[in-house]
Each structure stands twice: as structure tokens, then as C-alpha cells.
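Enquirer: Below you'll find the structure I mean.
The values are calculated or read from the model by the stated rules, or taken from the named source; none is laboratory data. All values derive from a computational prediction rather than experimental measurement. Here the Cβ positions follow ideal geometry from the backbone for every residue, glycine too, while neighbour counts run over all protein chains shown. Remember, those area values only see protein heavy atoms, side chains included, never the ligands or the DNA or RNA. Shrake-Rupley method; radii C 1.70, N 1.55, O 1.52, S 1.80 Å.
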Amino acid sequence: MSTSLEVLPDDMSAFTAEVRAFLDGASSRRTDQDDVAWGVGDDRITYFGDESPDESARHVAAARAWQRTRYDAGFGWITGPEEFGGRGLSAVHDLVYDSIEAEYDVPDTGVLSLIGLGMIGPTILAHGTGAAKAALLPAMYAGDVIACQLFSEPSAGSDLANVSTRAVRDGEDWVINGQKVWTSVAQHAQVGLALCRTNPDQPKHKGITALLVDMDSPGVDVRPLRQMSGGAEFNEVFLTDVRVPDSRRLGEVDGGWRVALTTLMNERASVGSEGAGPAARAISLPFLTALLREHGHLEDSASRRRLAELMADQLATSYLNRQALDHLIAGGQPGPEASVSKLMYSQNITQATHFAAEVVGPKLLADTGEWGTFSWNELLLSTPALRILGGTEDIMKNILGERVLGLPKEPSTDATTSYRELRTSG
């Protein structure tokens, strides 16, 4: 979620000055924020990367180093409790910092922040034991520990509560066996938040426990998954007799669904707040206008009308984010705006990319060397994932319809679960 500094409260000036003083001393201002020079520089347009393991390791090291620099200066966890290394400030302070840092040439810390710091850190804070918080939170926000999310499974699809990975109690430990899939940054992570089936006799939402797994434990096997866009940022993770102490449990035994919901709400806020992420420049008005000009479509009324529709959607999304920011500034709590923003986020990139593909035409299919043509291929192949990550679109629309608009609840297709829930409640 981007923000404009003119909407901030007057008492934010001291913090703003502190942030600029830090960034001026630790980095340099960006000079390419709004430049659109067609035919100049690298034309690669991507969302997911296809780095080699060595390149990926270098970027992770740079992200960790910058996170440590921020942490030491008091900006590593602006909203976190002071006892765990945070500043104890508001979400507005966090947004102000992000807005200012975007003006500087600093390493991309997405490998740390999107999942670990944006989703799992807040979940540990909400549900972890005192020992787990003290051991993990300062290390995570200092860049020493990377966290991944061990939720999805091959046979569960979008039904997250249908996990089959088992965890069986053995004294003071849990023994885990199962498989997770689509796990981002697992190859770099030191800890993973796993949802495990601990009571198969309970309705599926009530028999899950959340456990923090050390990723270097015996029995943890991380294998990369090659994406159709060319990269291998996702992984499948096999867990074979992996032992986890009960002190690394989040929430109650068989109460892991509540923990999962905390993580998912943070996930939707994190994904939606990314704006247009790595593809922001490519789907901007100046860039798409230049694309139309280069391909002779600038005077075509249909193309101009479609471009106007795309820009209207992006503007509406920015107004939604602005509204959410104003709500926070006024002392309110985050609302459904995060889920709507996430839906708009994926829609905006997908529709703009498909529009660009129509303009480029057959040049999208083979690399002729012409700047700004075949380069759209990689982003186009990434767009289906945007409709799934952070919450599948159709499921999120159901949630918004039922919980925000008050529409009738969709009938369950899980007869077994429905029967068990009726039997338990009656």
C-alpha cells in the first residue's frame, strides 16, 4: 500500500526527519523512479524470478544485510513490541517509512518481508509461547532467520483445512510426517510454520495444530519446483519423522485453524499492500502508452479506451488503499480493504499484461530481439499464480460476500464435515 506524505498527521514530522536522516546516511536516492525511456536498458518484465542458486544466494545475503542495518537503526520492526526489538510505533509509522524508503536505492527484502516478517512474525507474536517469541522474533526482524509457510498440500487444493500431514505426540515432542507444496523461500528458510493434522476424529477445522519446524531438522527435504515462467521460486517439502518440541507449538492443540486464519489475514494484507509489485513500471500509464505508440496503436480508439479502463482500475485501487490509510490514521483497525486490495492487485496486473500481449501480438511467441516484445512472455505466464497466491480469488470473493455484504453462505460440498459439525453442535 503506497501513501502520500501530505496525508500524514502533523506529529509525524520528527519521525519523517529521522527516517530521511538514516536513509541519506545508509543509501542514495533513486534516479529512475519515473523514467520511461523506450528501448533503453533491460526490457525484462517479470513477477517471479529465474535466478541461479548463486544469484539467489547473493540477493538473500544483500536482503539480510540491509534488514540488519534497518534493525540496528530502529527501523527493522517499527510496529513490534520493544521487548522483542521493535519500536512500538503505529502502522502509520510503518507506512511512512516504506513510502520514504521507496525513494532510495536499497536491496529488495521481499524474501524476508512478504512471508516471514509480514505473515509469520505477527502470527508468532499473537500465538507463540514466551520462549518462542524471544528466540525467533528478534532474529527474524534482524534478518538472521528467514521463515516460510508450510500450509498447502498436493491433495488439499484450495481447501486449506483438508491437510493430511500428520503430527503425533511423543512425550514432549511432536513427530511430523507428510508433504507440503508451493512453499516459497523454503530453500532459504531456517524455520517453517506447518499446519498438521493432530486429531483425525475431530471435524477437519478442529483437528489441526500449528507447529514451528526447524528447516535443518533431520527428515526435512526441500525440492525445487520449476514454474512455467522459467523460475523455481516454489518448492515441495517432504517431512519424514521430523521432531518438533511442544514449546514450538502456536496456539492450542487442535486449535491451529485459528492460527492459520491469523496468518492468512496477514498474507492478504501483505500481498495487497504490494501495489503492483515488481511489475509496477510495466503496467503504468507512461509505459503502456509508449507500448501503444511503438506498435502503432496510439491513435486506435479501441486501444485507447481499453488503456483508460485499465488506468481507472489502478486509480480506484490507489483510492481504496488511501481510504484504508486514512482509516488507520484516524485510529481505526484494518478492515476488508486488504482483501479487496488483494483482488484488485491480481486483476490489475493480469488485465494489463493481457492487454500488452494483444498489442505485441505474435512477437510475444518468439524472441526476435526487438525491445519490449518477447519480454512480456514471462509476466504473462506468471499471471495465473497471482489469482491464487494470498488466497484464491473465488474463495476470497465468497468470504467478502458472506462476511462483508451479508450474502447467504455457500452450501458446503463436504458432507462428512457437515455431518460431524451438526453432530458436535447438536
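Enquirer: How many nm separate the modelled label positions at ASN199 and ASP54, each set 7 Å beyond the Cα in the direction of the Cβ?
Expert: If labels sit at ASN199 and ASP54, their model points lie 5.3 nm apart.
Enquirer: Next question, about the same structure. Within the chain, which is the longest segment containing none of the GluC sites (Glu not before Pro) that sit in a DSSP loop and have at most 15 other Cβ atoms within 10 Å?
Expert: Numbers: sites that count: GLU51, GLU103, GLU172, GLU252, GLU299, GLU370.
Free of exposed loop sites, the longest segment is 173-251.
Enquirer: Probe radius 1.4 Å, ligands and nucleic acids ignored: give me the carbon and sulfur share of the accessible area of the stretch 74-124 as a rounded percent.
Expert: Working: 830 of 1750 Å².
Roughly 47 percent, rounded to a whole number.
Enquirer: For every helix of n ≥ 4 consecutive DSSP H residues, a contribution of -39,500 (n - 2.57) applies; sum these over the chain, divide by its total residues, and give [θ] at 222 nm rounded to the nearest 500 deg cm²/dmol.
Expert: -13500 deg cm²/dmol
Enquirer: Related question: By how many degrees, between 0 and 90 and to the nearest 10, does the Cα long axis of helix 301-329 differ from the longest principal axis of the chain?
Expert: Approximately 50 degrees, to the nearest 10.
Enquirer: Averaging sequence separations of C-alpha pairs under 8 Å and six or more residues apart, then dividing by the length of the chain, give the relative contact order as a whole percent.
Expert: Working: 665 pairs, mean separation 69.5, N = 426.
Here the relative contact order equals 16 percent.
Enquirer: List the lysines whose Cα lies under 17 Å from the Cα of LYS342, skipping any in the same chain that are fewer than 8 positions away.
Expert: Once the sequence-local lysines are set aside, what remains near LYS342 is LYS397.
Enquirer: Once the Cα atoms of helix 53-72 and of the chain are each reduced to a long axis, what angle between those two axes, in degrees from 0 to 90 to the nearest 10, is obtained?
Expert: Taking Cα atoms only, the helix is inclined about 80 degrees.
Enquirer: Based on alpha-carbon centroids, what's the gap between the stretch 132-166 and the stretch 77-108 in Å, whole number please?
Expert: Taking the Cα centre of the stretch 77-108 as reference, the centre of the stretch 132-166 is 23 Å away.
Enquirer: To continue, here is another question. Keeping all protein chains in position, work out how much accessible area HIS327 exposes to a 1.4 Å probe, and write it in Å² to the nearest 10.
Expert: 80
Enquirer: Just to confirm, what accessible area per residue do you get for the chain at 1.4 Å probe, in whole Å²?
Expert: Values: 20530 Å² over 426 residues.
Here the per-residue accessible area is 48 Å².
Enquirer: Angle between the Cα long axis of helix 393-403 and the longest principal axis of the chain, 0 to 90 degrees, nearest 10?
Expert: 70
Enquirer: Out of all DSSP beta bridges with both ends in the chain, state the antiparallel percent to the nearest 5.
Expert: Working: 28 of 34 bridges.
Just about 80 percent of them are antiparallel.
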